[in-house]
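The values are calculated or read from the model by the stated rules, or taken from the named source; none is laboratory data. Computed from a predicted structure; not experimentally measured. A quick note on method: Cβ atoms are made from the backbone with ideal geometry, for glycine too, and the neighbour counts reach across all protein chains shown.
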């Protein structure tokens with residue numbers, strides 16, 4: 001398991017394990033830039049076992065809903081998802097939650113604007129749409145609203161169960177008992193988030209995740225880790241002194 005507040009370290013820290021054919025699980029966000037994404041795609045296409053990402057992609061709430069027969073629950077045609085804290089380290093949970101519900105195939109991402117948090121529109125190849133709201137706030141749970149041809153479902157993710165849901169999906173892959181999610185599909189939440197960042201910097205121009213280039217805007221893992229440490233370390237030391 002590769003875990004770091006600086007996601008830009010994931011690829012290099014995984015490299016020796018990948019070269020030794022040891023299965024690897026990468027914590028969320030899996031990557032924050034296109035170059036690292038391309039490296040993981042190359043490794044996976046060479047037969048290396050790599051998995052990971054946000055637990056909300058596999059949360060029980062989504063799984064239970066999707067396990068219902070489609071003729072009963074209806075076909076999903078729109079969804080809304082979000083979470084709090086920040087735009088990428090936590091925000092990737094919302095992207096992953098949405099992809100867990102909608103599946104792969106996001107064709108373009110567009111920044112809609114900012115009011116307290118950033119709002120993004122994601123459009124799938126078959127025309128389905130998802131709206132995300134992410135960005136810096138107080139802690140908020142992951143949540144979603146799903147609209148189908150027959151019903152509307154809303155849920156708040158139970159954080160006491162998310163890691164069990166993640167492990168139930170990941171452990172069979174790491175044990176060689178199940179096939180990993182194809183890397184291009186696994187990385188869709190991260191690439192959609194990067195496309196959203198590019199769209200935001202371009203004033204809301206739609207951006208296709210499949211057309212992102214290595215020089216595209218990226219989420220800086222080192223800068224985030226520095227801010228995270230500056231914010232959390234004083235609290236940790238203060239709590240330790242009180243003990």
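Points to keep in mind about this one:
- Subset of the range 67-91 (residues that are in contact with a helix residue (DSSP H, G or I) (Cβ under 7 Å, 6 or more places away or on another chain) and either closer than 17 Å to residue 165 by Cα or in a loop (DSSP other than H, G, I, E, B) (or both)): 83, 88, 89
- Screening 98, 112, 132 for residues that are in a helix (DSSP H, G or I) and either modelled with pLDDT of 95 or more or within 20 Å of residue 211 (Cβ to Cβ) (or both) leaves exactly one candidate, 98.
- Residue in the range 69-86 that is within 18 Å of residue 199 (Cα to Cα), at pLDDT 95 or above and surrounded by fewer than 19 Cβ atoms within 10 Å (Cβ to Cβ) present: yes
- Among the residues here, residue 146 qualifies as under 21 Å from residue 75 (Cβ atoms), part of a strand (DSSP E or B), modelled with pLDDT of 95 or more and touching a strand residue (DSSP E or B) at 6+ places or on another chain (Cβ under 8 Å).
- Some residue of the range 134-157 being buried (at least 19 other Cβ atoms within 10 Å of the Cβ) and without any contact (Cβ under 8 Å) to a residue 60 or more places away in the chain: yes
- Matching residues, the range 209-228, being within 16 Å of the chain's Cα centre (by Cα) and part of a loop (DSSP other than H, G, I, E, B): 218, 219, 220
- Among the residues of the range 194-216, the ones that are buried (at least 24 other Cβ atoms within 10 Å of the Cβ) and over 21 Å from residue 42 (Cβ atoms) come to 2 in all.
- Considering the range 165-186, and only residues there that are assigned to a helix (DSSP H, G or I) and without any contact (Cβ under 8 Å) to a residue 24 or more places away in the chain, the residue that is farthest from residue 118 (Cα to Cα) turns out to be 172.
- Residue 189 free of Cβ contacts under 8 Å to residues at least 24 places away in the same chain and at negative phi: no
To keep it simple, each residue is scored yes or no on (1) within 30 Å of residue 223 (Cβ to Cβ); (2) touching a residue at least 60 places away in the same chain (Cβ under 8 Å).
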residue	(1), (2)
68	no, no
76	no, yes
100	yes, no
113	yes, yes
129	no, no
162	yes, yes
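- Condition check for residue 194 on (1) in a loop (DSSP other than H, G, I, E, B); (2) in contact with a helix residue (DSSP H, G or I) (Cβ under 8 Å, 6 or more places away or on another chain): one failure, at (1).
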